[in-house]
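Read through the structure below, which is laid out as structure tokens, and then see the notes.
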Amino acid sequence: MYVKHIKGQISETILTEYFLRYRFYVFRPLAGFGPVDIVVISSQTGNTYLLDAKATSKRKLKGRVGLQPIYRNLSKEQKLLGVRIAYVDIKTREVEIRPRIQEITDLKKMKNFRVD
């Protein structure tokens, strides 16, 4: 199996777990290809989000200190559909979604909300 495909599958799996912990319904397309990797629906509001999972990548840029994240562009089709990119760090399991999903930001601020 191609290493990029393995990293992609791991990223999608971590992203699935991330949303399940925040009480979202998670759906993964059966075809395995297309403009969307994961569809999530908020169990609180019913809002639907389309996500493209990407493993976090960094590079050294001339004149900059340290490694800089590489941000990907959406395709025309993804822009039309309103897809968000979810950057997943495979080593730390951290997830960054662009643009952010306000519901997740709000849940993180709640003192009584537990992500077990």
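Derivation of every value follows stated rules applied to the coordinates shown; laboratory data play no part. Just so it is clear, the model here is predicted, and its values are computed rather than measured. Every residue, glycine as well, gets a Cβ built from its backbone with ideal geometry; the counts of neighbours run over all protein chains shown.
Take V65, V115 and order them by how many other Cβ atoms sit within 10 Å, fewest up front. Walk me through the intermediate numbers first.
Numbers: V65 7, V115 10.
Arranged by neighbour count, lowest to highest, V65, V115 become V65, V115.
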Revision key, fill the gap. For segment 3-100 the mean separation of alpha carbon contacts under 8 Å (6+ apart) over residue count, i.e. relative contact order in percent, is 25
Point to revise | Two-site label geometry, T92 and F113: point separation in nm, points 7 Å out along Cα→Cβ | key: 2.1
Point to revise | Volume in Å³ per residue [convex hull over Cα atoms, computed for segment 3-100] | key: 121
